[in-house]
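The values are calculated or read from the model by the stated rules, or taken from the named source; none is laboratory data. What you see is a predicted model, and the numbers here were worked out from it, not measured in a lab. Cβ: placed from backbone, ideal geometry, glycine included. Neighbour counts: every protein chain shown. Note: accessible area is taken over every heavy atom of the protein model, side chains too, but ligands, DNA and RNA are not part of it. Shrake-Rupley method; radii C 1.70, N 1.55, O 1.52, S 1.80 Å.
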Amino acid sequence: MTHPPGRFRRCLTVAAALITALATVAACDSEDPAHRAEAANSRVQPSASAVHPSAAPAGAPGLLPGMPAPLSPSDLYAADRPGALSAVVRRDKPLVYVPNLDGNTVTVIDPRTYRVLRTVPVGKGPQHVVPSWDLRTLWVNNNTGNSLTPINPATGRFGKPVPVEDPYNLYFTPDGRYAVVMEERMKEIVFRDPHTMAVKDTLPVGCAGINHADFSPDGRYFIATCEFSGDLIKVDTLRHTVLGRIHLPAEHPMPQDIKISPDGRTWYVADMQTSGVWVLDGDRFTTPTFVPTGDGAHGLYPSRDSRFLYVANRGEGSVSLISFATGKVVTKWRLPGHTSPDMGGVSADGKVLWLSGRYHAEVYAIDTANGRLLARIKVGGQPHGLCVWPQPGRYSLGHTGILR
């Protein structure tokens, strides 16, 4: 999508205050966004050590300081097995949250009955629903509305928006220290407080359409896609600097989602225009190879058993399965009728792949055993980055649910 030019003035002053023994950050308006988010969530945001006592100490070799140690050195998704819910989310309501870009709403679906429960107004241009690092908040990215709407996943209640400029997409550093806002219109990555969303640092990236990302096994760098300039950038997580940039070797590349393989050696990048997935070594960050998957390759999601990568081919209404073991497409599921599978996620038990139907105002529930379409559910206009919740895992790196 394109955005109007211009830049909104950032908040220039932040004052610290103590309120009921909680540290909060004052915003430019009269109401503190941290206080509003906490009130909406009705949960106290714990420190990283309180959520993850297994977090690596500052001196742990290799890992980003403060990052939780991987459960398995050979599988980044070992914590994401079917039903392996954290104690933090076990009582959260099982729901599917669908941001409707054109309708400025979020549709809430019961995944057991496939019925729409309600549709809730949010800010303008909601793009994705993103779980926070500590799994205690879901954030609706109101891109053109310049705000994030918090959702309490325990109750499903929506809170008051927190002002955040140009939040096309949202991630969290593996140590839980920063929220990482992909400011697509501004061509910047902004590092913010993960709870209050106060600005901590800004990184101009110099590429157009910065939008999706994933993190290395040690958390020390992440790779992000630049949709409109056809680039990938590699960013130092600790120093907030660009380490490298690659222009994808295609006529008009448009990189979308990006995911790392379970063994942490290979990165997969969906290219909507070139209709397939680029494959590269993230450490070396050299010219990638290409695997055709289907017209309009867009969303990427690993299976709960870490065997396959689901590739949503939005242009042709199909889902390709890439084997992580071979790097090859092993099968393709074609959805019946006219469909446009886009973004989504896998159910907690691993049995259903949920995807938004971007150009058909609907959502698809797909059986991961055979690719059969279980349900197509009418929602608002241009549904985008839906979030299935709860999901297995110890902490979230953001987007629609990158849990490890």
Worksheet, complete the sentence: Going through Lys93/Lys234; Lys160/Lys378; Lys93/Lys378; Lys93/Lys187; Lys200/Lys378 one by one, the pairs whose alpha carbons sit over 28 Å apart turn out to be Lys93/Lys234; Lys93/Lys187; Lys200/Lys378
Fill in: Lys/Arg +1, Asp/Glu -1 at C-beta; the stretch 245-384 dipole; positive extreme among Thr326, Pro249, Thr274
Thr326
Item to complete: Please report, in debye to the nearest 20, how large the charge dipole of the stretch 62-201 is about its Cα centre when each Lys and Arg carries +1 at its beta carbon and each Asp and Glu carries -1 there.
Response: 640 debye
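Note down the net charge around Pro68, summing +1 for each Lys or Arg and -1 for each Asp or Glu among other residues with Cβ under 13 Å from its Cβ.
Net local charge, Pro68 excluded: 0.
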Worksheet item: Just how far, in whole angstrom, is the stretch 177-192 from the stretch 234-285 if you go by their alpha carbon centroids?
Response: 18 Å
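How large, in percent, is the carbon and sulfur part of the accessible surface of the stretch 314-394 at a probe radius of 1.4 Å? Mind showing how you got there, number by number?
Details: 1430 of 2800 Å².
Within the stretch 314-394, the accessible surface is 51 percent carbon and sulfur.
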Worksheet item: Which whole-number value in Å² is the accessible area per residue of the stretch 282-363, probe 1.4 Å?
Response: 38 Å²
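Around Gly294, with a cut-off of 15 angstrom between Cβ atoms, what is the net charge of the other residues, counting Lys and Arg +1 and Asp and Glu -1? Walk me through the numbers on the way to the answer.
Details: positive: Arg314, Lys328, Lys332, Arg334, Arg358; negative: Asp257, Asp271, Asp295, Glu316, Asp342.
After counting each charged neighbour, the total is 0.
Please work out the Cα convex hull volume for the stretch 181-315 and give it in Å³ per residue. Let's see the in-between values first.
Numbers: hull volume 15.7 nm³, N = 135.
About 116 Å³ per residue, rounded to a whole number.
Using a 1.4 Å probe on the protein heavy atoms, what percent of the accessible area of the stretch 94-209 belongs to carbon and sulfur?
48 percent
Which FRET efficiency value, to the nearest 0.05, is calculated for Asp367 and Arg115 with the Förster distance at 25 angstrom and r the Cβ-Cβ distance? Intermediate values should be presented prior to the final figure.
Working: r = 18 Å, r/R0 = 0.73.
So, using R0 = 25 Å, E works out to roughly 0.85.
Report the charge-dipole magnitude of the stretch 276-404 in Debye, nearest 20, computed about the Cα centre from +1 at each Lys and Arg Cβ and -1 at each Asp and Glu Cβ.
Numbers: 14 positive and 9 negative charges, 38 e Å.
Charge dipole of the stretch 276-404: 180 debye, to the nearest 20.
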Fill in: Thr202 long-range amide H proximity, modeled H, under 5 Å
Phe191
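Rounded to the nearest whole Å², what accessible area per residue is found for the stretch 131-232 with the 1.4 Å probe? Walk me through the numbers before you get to the answer.
On the way: 2230 Å² over 102 residues.
Result: 22 Å² per residue.
For the stretch 251-331, just say rounded, prolate or oblate: build the C-alpha gyration tensor, square-root its eigenvalues into a ≥ b ≥ c, call rounded for a/c under 1.5, and beyond that prolate if a/b exceeds b/c, oblate if not. Intermediate values should be presented prior to the final figure.
Details: a/c = 1.90, a/b = 1.11, b/c = 1.72.
In terms of gyration-tensor shape, oblate.
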Fill in: Positive-end extreme of charge dipole, the stretch 124-179 - chosen from Gly156, Thr137, Pro126 (charges on Cβ)
Gly156
Item to complete: Provide the net charge surrounding Cys207, with neighbours chosen by a C-beta distance below 14 Å and charges set as Lys +1, Arg +1, Asp -1, Glu -1.
Response: -1
